[in-house]
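The values are calculated or read from the model by the stated rules, or taken from the named source; none is laboratory data. Fair warning: this is a prediction, and the values are worked out from it, not measured in the lab. Using ideal geometry, Cβ is built from the backbone for each residue, glycine included, and neighbour counts are taken over all protein chains shown.
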Amino acid sequence: MITYKMSDQVEISSRFWPNVFQTVHLHTFWEILFLCKGSLINSLDGKEKEIHTYDIALIKPENVHRLKPVLLDECEYYNITVKDEYLQQACRCIYDGLYEELHASNDLYATLSPNLHNKLLKLLKTANNSFSKAQADKWHKIAFSFLLPEFISLKDSQSLSAVSQTLEIMSHPKNMNLTIKEIARQIGYTPEHLTRLFQKASIGTPHQVFISLKMKHAAILLQETEMSIMDISYAVGIFSLPYFYQTFKKYHGKTPSAMRNRKK
(Lines give C-alpha, C1' and ligand atoms only; values in the text may rest on other atoms or scores of the structure.)
Protein backbone atom coordinates (compact mmCIF):
# COMPACT_ATOMS: atom_id res chain seq x y z
CA MET A 1 0.00 0.00 0.00
CA ILE A 2 1.29 3.49 -0.87
CA THR A 3 1.92 6.00 1.93
CA TYR A 4 2.11 9.66 0.85
CA LYS A 5 4.08 12.32 2.73
CA MET A 6 4.20 16.12 2.55
CA SER A 7 7.35 18.16 2.05
CA ASP A 8 8.80 19.58 5.27
CA GLN A 9 8.62 23.03 3.66
CA VAL A 10 4.84 22.96 3.10
CA GLU A 11 2.09 23.35 5.72
CA ILE A 12 -0.91 23.26 3.42
CA SER A 13 -1.36 22.68 -0.31
CA SER A 14 -3.93 21.48 -2.83
CA ARG A 15 -4.15 19.57 -6.09
CA PHE A 16 -6.91 19.56 -8.68
CA TRP A 17 -8.07 16.21 -10.09
CA PRO A 18 -10.26 15.99 -13.23
CA ASN A 19 -11.10 12.34 -12.55
CA VAL A 20 -11.18 9.79 -9.74
CA PHE A 21 -7.86 8.67 -8.23
CA GLN A 22 -8.55 5.03 -7.34
CA THR A 23 -5.32 3.84 -5.68
CA VAL A 24 -5.72 2.55 -2.10
CA HIS A 25 -3.39 4.61 0.08
CA LEU A 26 -2.46 6.13 3.43
CA HIS A 27 -0.86 9.48 4.16
CA THR A 28 0.97 11.15 7.03
CA PHE A 29 -1.13 14.33 6.78
CA TRP A 30 -4.78 15.37 6.98
CA GLU A 31 -6.71 15.75 3.76
CA ILE A 32 -9.87 17.63 2.85
CA LEU A 33 -11.71 16.26 -0.16
CA PHE A 34 -13.50 19.17 -1.86
CA LEU A 35 -15.89 18.00 -4.58
CA CYS A 36 -16.30 20.63 -7.32
CA LYS A 37 -18.59 18.75 -9.71
CA GLY A 38 -20.28 15.38 -10.05
CA SER A 39 -20.29 12.45 -7.60
CA LEU A 40 -17.87 9.87 -6.26
CA ILE A 41 -17.61 7.20 -3.59
CA ASN A 42 -15.24 7.96 -0.73
CA SER A 43 -13.93 4.83 1.01
CA LEU A 44 -12.40 5.23 4.49
CA ASP A 45 -11.18 2.09 6.24
CA GLY A 46 -13.53 0.05 4.02
CA LYS A 47 -16.61 2.14 4.82
CA GLU A 48 -18.03 3.75 1.68
CA LYS A 49 -20.04 6.94 1.31
CA GLU A 50 -21.32 8.53 -1.88
CA ILE A 51 -20.69 12.27 -1.96
CA HIS A 52 -21.82 14.95 -4.38
CA THR A 53 -21.17 18.53 -5.48
CA TYR A 54 -20.89 20.88 -2.44
CA ASP A 55 -19.81 17.98 -0.16
CA ILE A 56 -16.49 17.93 1.68
CA ALA A 57 -14.78 15.20 3.70
CA LEU A 58 -12.01 15.41 6.28
CA ILE A 59 -9.67 12.41 6.07
CA LYS A 60 -7.38 11.58 9.00
CA PRO A 61 -3.76 10.47 8.57
CA GLU A 62 -4.45 6.91 9.69
CA ASN A 63 -7.44 6.36 7.39
CA VAL A 64 -6.97 3.80 4.61
CA HIS A 65 -8.36 5.80 1.73
CA ARG A 66 -9.66 5.16 -1.75
CA LEU A 67 -11.96 6.95 -4.19
CA LYS A 68 -14.28 5.21 -6.65
CA PRO A 69 -16.33 6.55 -9.55
CA VAL A 70 -20.13 6.48 -9.48
CA LEU A 71 -20.97 4.59 -12.67
CA LEU A 72 -19.74 6.82 -15.51
CA ASP A 73 -20.38 10.01 -13.61
CA GLU A 74 -17.67 12.56 -14.31
CA CYS A 75 -16.30 14.41 -11.33
CA GLU A 76 -13.78 17.11 -10.49
CA TYR A 77 -12.31 17.69 -7.06
CA TYR A 78 -9.48 19.17 -5.02
CA ASN A 79 -7.37 17.34 -2.47
CA ILE A 80 -6.34 19.86 0.18
CA THR A 81 -3.46 18.43 2.21
CA VAL A 82 -2.78 19.81 5.69
CA LYS A 83 0.24 19.04 7.85
CA ASP A 84 -0.72 17.67 11.27
CA GLU A 85 1.19 20.39 13.14
CA TYR A 86 -0.60 23.12 11.21
CA LEU A 87 -4.02 21.57 11.92
CA GLN A 88 -3.22 21.41 15.64
CA GLN A 89 -2.24 25.08 15.62
CA ALA A 90 -5.40 26.08 13.71
CA CYS A 91 -7.59 24.10 16.11
CA ARG A 92 -6.03 25.77 19.17
CA CYS A 93 -6.93 29.16 17.67
CA ILE A 94 -10.60 28.13 17.75
CA TYR A 95 -10.81 26.32 21.10
CA ASP A 96 -8.81 23.90 23.22
CA GLY A 97 -9.72 20.28 22.60
CA LEU A 98 -10.94 20.72 19.02
CA TYR A 99 -8.03 18.76 17.55
CA GLU A 100 -8.71 15.86 19.91
CA GLU A 101 -12.43 15.95 19.01
CA LEU A 102 -11.65 15.75 15.29
CA HIS A 103 -9.16 12.94 15.80
CA ALA A 104 -11.72 10.95 17.79
CA SER A 105 -14.54 11.53 15.32
CA ASN A 106 -15.68 9.37 12.44
CA ASP A 107 -17.64 10.28 9.32
CA LEU A 108 -16.28 13.80 9.07
CA TYR A 109 -18.48 15.00 6.22
CA ALA A 110 -20.15 18.35 5.65
CA THR A 111 -22.16 20.06 2.91
CA LEU A 112 -21.27 23.62 1.92
CA SER A 113 -23.70 26.31 0.92
CA PRO A 114 -23.49 27.17 -2.81
CA ASN A 115 -22.15 30.61 -1.89
CA LEU A 116 -19.35 29.24 0.30
CA HIS A 117 -18.58 26.50 -2.24
CA ASN A 118 -18.12 29.06 -5.02
CA LYS A 119 -16.00 31.31 -2.78
CA LEU A 120 -13.71 28.42 -1.86
CA LEU A 121 -13.47 27.27 -5.47
CA LYS A 122 -12.18 30.73 -6.45
CA LEU A 123 -9.67 30.71 -3.58
CA LEU A 124 -8.32 27.28 -4.54
CA LYS A 125 -8.03 28.23 -8.21
CA THR A 126 -6.20 31.40 -7.24
CA ALA A 127 -3.83 29.41 -5.01
CA ASN A 128 -3.06 26.91 -7.75
CA ASN A 129 -2.45 29.69 -10.29
CA SER A 130 -0.16 31.69 -7.98
CA PHE A 131 3.37 32.34 -9.21
CA SER A 132 4.98 32.20 -5.76
CA LYS A 133 4.83 29.78 -2.85
CA ALA A 134 4.10 32.67 -0.46
CA GLN A 135 1.01 33.72 -2.42
CA ALA A 136 -0.20 30.12 -2.75
CA ASP A 137 0.26 29.60 1.00
CA LYS A 138 -1.77 32.72 1.73
CA TRP A 139 -4.73 31.67 -0.40
CA HIS A 140 -4.62 28.07 0.86
CA LYS A 141 -4.70 29.23 4.47
CA ILE A 142 -7.61 31.59 3.83
CA ALA A 143 -9.54 28.72 2.19
CA PHE A 144 -8.70 26.42 5.10
CA SER A 145 -9.92 29.01 7.62
CA PHE A 146 -13.36 28.80 5.97
CA LEU A 147 -13.35 24.99 5.69
CA LEU A 148 -12.30 23.98 9.21
CA PRO A 149 -15.38 25.38 11.02
CA GLU A 150 -17.60 23.27 8.75
CA PHE A 151 -16.34 20.14 10.56
CA ILE A 152 -16.77 21.49 14.08
CA SER A 153 -19.55 20.05 16.23
CA LEU A 154 -20.03 22.10 19.38
CA LYS A 155 -22.67 21.44 22.03
CA ASP A 156 -24.13 24.84 21.31
CA SER A 157 -24.43 24.71 17.51
CA GLN A 158 -26.44 27.92 17.49
CA SER A 159 -23.52 29.76 19.07
CA LEU A 160 -21.13 28.35 16.48
CA SER A 161 -23.50 29.37 13.70
CA ALA A 162 -23.60 32.93 15.04
CA VAL A 163 -19.80 33.11 15.19
CA SER A 164 -19.47 31.63 11.68
CA GLN A 165 -22.03 34.10 10.30
CA THR A 166 -20.20 36.97 11.95
CA LEU A 167 -16.85 35.89 10.52
CA GLU A 168 -18.35 35.61 7.05
CA ILE A 169 -19.80 39.13 7.29
CA MET A 170 -16.54 40.55 8.66
CA SER A 171 -14.45 38.85 5.96
CA HIS A 172 -16.26 40.52 3.06
CA PRO A 173 -14.50 43.74 1.97
CA LYS A 174 -17.79 45.56 1.39
CA ASN A 175 -18.67 45.14 5.09
CA MET A 176 -15.51 46.59 6.61
CA ASN A 177 -17.16 49.97 7.21
CA LEU A 178 -19.77 48.36 9.46
CA THR A 179 -19.64 48.65 13.25
CA ILE A 180 -19.75 45.65 15.57
CA LYS A 181 -23.21 46.82 16.65
CA GLU A 182 -24.45 46.79 13.03
CA ILE A 183 -22.98 43.32 12.41
CA ALA A 184 -24.52 41.96 15.61
CA ARG A 185 -27.89 43.37 14.58
CA GLN A 186 -27.68 41.56 11.21
CA ILE A 187 -27.50 38.16 12.94
CA GLY A 188 -29.98 39.02 15.70
CA TYR A 189 -27.68 39.48 18.71
CA THR A 190 -26.58 42.34 20.93
CA PRO A 191 -22.88 43.29 20.74
CA GLU A 192 -22.48 42.12 24.35
CA HIS A 193 -23.90 38.67 23.65
CA LEU A 194 -21.85 38.35 20.46
CA THR A 195 -18.72 39.15 22.49
CA ARG A 196 -19.57 36.35 24.94
CA LEU A 197 -19.97 33.86 22.05
CA PHE A 198 -16.58 34.85 20.61
CA GLN A 199 -14.93 34.50 24.00
CA LYS A 200 -16.54 31.08 24.46
CA ALA A 201 -14.99 30.03 21.15
CA SER A 202 -11.59 31.35 22.37
CA ILE A 203 -10.95 33.52 19.31
CA GLY A 204 -10.81 36.92 20.99
CA THR A 205 -13.44 39.64 20.96
CA PRO A 206 -15.38 40.61 17.81
CA HIS A 207 -13.46 43.91 17.76
CA GLN A 208 -10.06 42.13 17.89
CA VAL A 209 -11.02 39.68 15.15
CA PHE A 210 -12.49 42.43 12.94
CA ILE A 211 -9.36 44.58 13.26
CA SER A 212 -7.20 41.57 12.38
CA LEU A 213 -9.26 40.88 9.23
CA LYS A 214 -9.09 44.57 8.28
CA MET A 215 -5.30 44.56 8.59
CA LYS A 216 -5.00 41.42 6.46
CA HIS A 217 -7.18 42.97 3.76
CA ALA A 218 -5.26 46.25 3.96
CA ALA A 219 -1.99 44.38 3.34
CA ILE A 220 -3.49 42.70 0.27
CA LEU A 221 -4.64 46.06 -1.11
CA LEU A 222 -1.20 47.57 -0.50
CA GLN A 223 0.55 44.75 -2.33
CA GLU A 224 -1.89 44.17 -5.17
CA THR A 225 -3.38 47.60 -5.98
CA GLU A 226 -2.20 51.17 -6.58
CA MET A 227 -4.73 52.63 -4.11
CA SER A 228 -3.40 55.40 -1.89
CA ILE A 229 -2.77 54.55 1.75
CA MET A 230 -5.54 56.91 2.81
CA ASP A 231 -8.00 55.24 0.42
CA ILE A 232 -7.00 51.82 1.78
CA SER A 233 -7.51 53.04 5.33
CA TYR A 234 -11.01 54.24 4.41
CA ALA A 235 -11.71 51.01 2.48
CA VAL A 236 -11.17 48.94 5.64
CA GLY A 237 -13.33 51.24 7.76
CA ILE A 238 -10.60 53.20 9.56
CA PHE A 239 -10.96 56.96 9.13
CA SER A 240 -7.99 58.11 11.20
CA LEU A 241 -4.75 57.79 9.25
CA PRO A 242 -2.49 57.91 12.37
CA TYR A 243 -4.53 55.11 13.96
CA PHE A 244 -4.36 53.10 10.74
CA TYR A 245 -0.55 53.44 10.63
CA GLN A 246 -0.23 52.50 14.30
CA THR A 247 -2.52 49.47 14.02
CA PHE A 248 -1.00 48.27 10.74
CA LYS A 249 2.51 48.35 12.21
CA LYS A 250 1.30 46.45 15.28
CA TYR A 251 -0.04 43.60 13.11
CA HIS A 252 2.57 43.51 10.34
CA GLY A 253 5.73 44.80 12.01
CA LYS A 254 6.14 47.59 9.46
CA THR A 255 4.26 50.69 8.37
CA PRO A 256 2.01 50.70 5.28
CA SER A 257 4.58 52.87 3.49
CA ALA A 258 7.40 50.43 4.27
CA MET A 259 5.35 47.48 3.00
CA ARG A 260 4.53 49.30 -0.23
CA ASN A 261 8.14 50.41 -0.77
CA ARG A 262 9.29 46.83 -0.26
CA LYS A 263 6.91 45.77 -3.02
CA LYS A 264 8.60 48.21 -5.38
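State whether one or more residues within segment 71-93 are among the basic types (Lys, Arg) and closer than 30 Å to GLY46 by Cβ. Working first, answer last.
As a first pass, look at segment 71-93 and keep what is among the basic types (Lys, Arg): 83, 92.
Remaining after also requiring closer than 30 Å to GLY46 by Cβ: 83.
Yes: segment 71-93 contains one or more residues that are among the basic types (Lys, Arg) and closer than 30 Å to GLY46 by Cβ.
Could you figure out which of (1) modelled with pLDDT of 90 or more; (2) surrounded by 15 or more Cβ atoms within 10 Å (Cβ to Cβ) isn't true of ALA201?
The single condition ALA201 does not satisfy is (1).
Considering only segment 176-190, I want to know if a residue exists there that is in a helix (DSSP H, G or I), in contact (Cβ under 8 Å) with a residue 40 or more places away in the chain and under 30 Å from SER14 (Cα atoms).
No: segment 176-190 contains no residue that is in a helix (DSSP H, G or I), in contact (Cβ under 8 Å) with a residue 40 or more places away in the chain and under 30 Å from SER14 (Cα atoms).
For LEU108, state whether it is in the same structural domain as LEU33 (by TED's automatic domain parsing) and on the phi < 0 side of the Ramachandran plot. Give the steps one after another, and end with the answer.
Values: in the same structural domain as LEU33 (by TED's automatic domain parsing): yes; on the phi < 0 side of the Ramachandran plot: yes.
It is true that LEU108 is in the same structural domain as LEU33 (by TED's automatic domain parsing) and on the phi < 0 side of the Ramachandran plot.
Any residue in segment 143-165 that's among the charged types (D, E, K, R) and surrounded by 15 or more Cβ atoms within 10 Å (Cβ to Cβ): show its pairings with residues that are outside any helix (DSSP H, G or I) and at pLDDT 85 or above at Cβ separation under 8 Å, as long as the two are six or more apart or on different chains.
Sorted first by the residue in segment 143-165, then by its partner, the pairs are GLU150/ILE56; GLU150/ALA110; GLU150/LEU112.
So that you can scan it fast, the table gives a plain yes or no per residue for (1) touching a Leu at 6+ places or on another chain (Cβ under 8 Å); (2) under 22 Å from LYS138 (Cα atoms); (3) at pLDDT below 80:
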position	(1), (2), (3)
TYR4	yes, no, yes
ILE12	no, yes, no
TRP17	no, yes, no
LEU26	no, no, no
GLY38	no, no, no
LEU71	no, no, yes
ALA90	yes, yes, no
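Without any contact (Cβ under 8 Å) to a residue 40 or more places away in the chain, within 26 Å of the chain's Cα centre (by Cα) and surrounded by 12 or more Cβ atoms within 10 Å (Cβ to Cβ): does that describe PHE248?
It is true that PHE248 is without any contact (Cβ under 8 Å) to a residue 40 or more places away in the chain, within 26 Å of the chain's Cα centre (by Cα) and surrounded by 12 or more Cβ atoms within 10 Å (Cβ to Cβ).
Please return the ranges of strands (runs of 3 or more DSSP E) entirely within segment 1-105 where 3 or more residues are within 16 Å of the chain's Cα centre (by Cα), surrounded by 12 or more Cβ atoms within 10 Å (Cβ to Cβ) and touching a residue at least 60 places away in the same chain (Cβ under 8 Å).
Counting at least 3 such residues, we get 12-17, 76-82.
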